[in-house]
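Undergrad: Next up is a structure, given as structure tokens.
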């Protein structure tokens, strides 16, 4: 029986918040409201990455060129080798599974729950859909009325349907529908989430060292795995395809950071390309003063995937960047804030995980100057309480860029370091 997967409302789906529970330090459910610019800030091991890793696990599962089962544990975005590494174990409390929920318009909320298997491994336990007037939980293998109730909830016509069974579809559940003559297809109420995951552009914190030559990749509307693999080929496509404006904008962004002013790609062979950057951080008359990207500071190669992702992103994409401040001078960290603000104004949706107080201050300044709307920023502070559990305090900025009484430990650390230095100087002078 031939089967065709039908997805519901894909083009209308917009995720407004994520929630996670049972995963690493996030034992109890924690919610992350999403805005055009979502900031995850907090100390090391406070749970920022743990909030995003379930999403990335699902992304690499959906994008795999084979069916890896309910979750692809060891993939390009996240690598774990056992289920135990993912589950919460805080004191005497231990989770037996984890869940991630996606809030949107219709259905209003979709919860996908995974459970550890007794003999090792992970299984998809259930999916719960919360619509405008009903909530339904369904599991693999359910048939008859439980499966049909999902169709009714999603306003799918039931006429001529002779059978309906819930089946696993990678990390989701779908309804396999049959008709009188044996034909059928799969209706996937989670299809919009799958598309959302495929549209996520992931720029990891551990970006590869600069290479003298980069492998050629196929470029398109989606970027499976991590985005750094596509940068060289995407730049070459822009260069040869008449997209000079994007390359010029890339150069100006680099110039804002004080790193370089020009980028070009030289195709060495059918499989390898060389990325060259301007030797000087400002535009000069010498148009051909380029060097291999491996011959300049790490800041340039670590920042290039970020800037290219901002230019490549389309309205349906969400760009998730870990540690954009890596290998950047403090002045460049402040300047990066203006680049992110400009991207948001162009319609790019961003999730930024950062430890940089200067980057955050730059974003506050952009709001205070009127360059960034206060309600376009979701600021989320991650901390670990005395029991070791992750807490998240979420807020927005006011018109002056202030964020109220959030645990602004960045500023506290700066003040303490300044005070310790002044105290040390004073003691030396007295001695």
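What follows is calculated from the coordinates using simple rules that are stated; it is not laboratory data. Since the structure is predicted, the reported quantities are computational estimates derived from the model, not experimental observations. Cβ coordinates were reconstructed from backbone atoms using ideal geometry, including for glycine residues, and neighbour counts include every protein chain displayed.
Undergrad: Viscosity 0.890 mPa s, temperature 25 °C: what is the translational diffusion coefficient of the range 208-315 from Stokes-Einstein with a Kirkwood Rh over Cα pairs, rounded to a whole number of µm²/s?
TA: Numbers: Rh = 13.9 Å.
Rounded, D is 177 µm²/s.
Undergrad: Could you give the length gained on full extension between residue 368 and residue 345, defined as 0.36 nm per residue of separation minus the Cα-Cα distance, in nm? Write out the running numbers ahead of the final one.
TA: Numbers: separation 23, 0.36 × 23 = 8.28 nm, distance 1.50 nm.
Extra length from residue 368 to residue 345 when fully extended: 6.8 nm.
Undergrad: Taking percent of Cα pairs over 41 Å apart straight from the coordinates, which label in (i) 16; (ii) 10; (iii) 24 is the correct one?
TA: Given (i) 16; (ii) 10; (iii) 24, the calculated one carries the label (iii).
Undergrad: What number, in percent, do you get for the relative contact order of the range 208-315 if the mean sequence gap of Cα pairs under 8 Å and at least 6 apart is divided by its residue count? Don't skip to the answer; put the middle values down first.
TA: Numbers: 156 pairs, mean separation 31.1, N = 108.
Relative contact order comes out at 29 percent.
Undergrad: Pairs of alpha-carbon atoms within less than 8 angstrom and 6+ residues apart define the contacts here; what relative contact order does the chain have, in percent?
TA: Values: 874 pairs, mean separation 76.5, N = 431.
Once normalised by length, the contact order is 18 percent.
Undergrad: Mind jotting down the distance between the C-alpha centroids of the range 14-50 and the range 278-340, whole Å?
TA: Their Cα centres are 26 Å away from one another.
Undergrad: In degrees from 0 to 90, rounded to the nearest 10, what is the angle of the helix 409-430 Cα long axis to the longest principal axis of the chain?
TA: So the inclination is approximately 30 degrees.
Undergrad: Taking other Cβ within 10 Å of each residue's Cβ, how do 154, 336 sort, fewest first? Write out the running numbers ahead of the final one.
TA: Numbers: 154 18, 336 27.
Fewest-to-most ranking of 154, 336: 154, 336.
Undergrad: Just order 42-51, 299-308 by mean Cβ neighbour count inside 10 Å, highest at the front, would you?
TA: Working: 42-51: 19.3, 299-308: 23.5.
So the order, starting with the most tightly packed, is 299-308, 42-51.
Undergrad: Out of the DSSP beta bridges found with both residues in the chain, what percent are antiparallel (nearest 5)? Mind showing how you got there, number by number?
TA: Values: 62 of 86 bridges.
Among the beta bridges of the chain, antiparallel pairing accounts for roughly 70 percent.
Undergrad: Hey, another quick one. Please compute the length gained on full extension between residue 106 and residue 143, using 0.36 nm multiplied by the number of residues separating them and subtracting their Cα-Cα distance. It would help to have the intermediate numbers written out before the result.
TA: Values: separation 37, 0.36 × 37 = 13.32 nm, distance 2.34 nm.
Computed gain between residue 106 and residue 143 is 11.0 nm.
Undergrad: Using 1/(1 + (r/R0)^6) with R0 = 56 angstrom and r between the beta carbons of residue 195 and residue 416, what's the FRET efficiency to the nearest 0.05?
TA: Details: r = 46 Å, r/R0 = 0.82.
Calculated value: 0.75.
Undergrad: Defining a contact as two alpha carbons under 8 Å apart and six or more residues distant in sequence, what relative contact order in percent does the range 253-344 show? Before the final figure, lay out each step's value.
TA: Values: 97 pairs, mean separation 22.4, N = 92.
Computed over the range 253-344, the figure is 24 percent.
Undergrad: Please work out the FRET efficiency for the pair residue 206 and residue 16, using the Cβ-Cβ distance as r and a Förster radius of 45 Å; give the result to the nearest 0.05.
TA: Numbers: r = 29 Å, r/R0 = 0.65.
Once the sixth-power term is evaluated, E becomes 0.95.
Undergrad: What order, most packed first, do the peptides 289-298, 340-349 have when packing is the mean number of other Cβ atoms within 10 Å of each residue? It would help to have the intermediate numbers written out before the result.
TA: On the way: 289-298: 15.5, 340-349: 19.1.
So the order, starting with the most tightly packed, is 340-349, 289-298.
Undergrad: What would the Debye equation give as log₁₀ I(q)/I(0) for the range 1-138 at q = 0.18 Å⁻¹, counting only Cα atoms as equal point scatterers?
TA: For the range 1-138 at q = 0.18 Å⁻¹, log10 I(q)/I(0) is -1.19.
Undergrad: Using label points projected 7 Å from each Cα along Cα→Cβ, tell me how many nm separate residue 132 and residue 65, to one decimal.
TA: 4.3
Undergrad: Please give the length that would be gained between residue 74 and residue 425 if that part of the chain were fully extended, namely 0.36 nm times their separation in residues minus their C-alpha to C-alpha distance (nm, one decimal).
TA: Numbers: separation 351, 0.36 × 351 = 126.36 nm, distance 5.07 nm.
Separation in residues times 0.36 nm, less the Cα-Cα distance, equals 121.3 nm.
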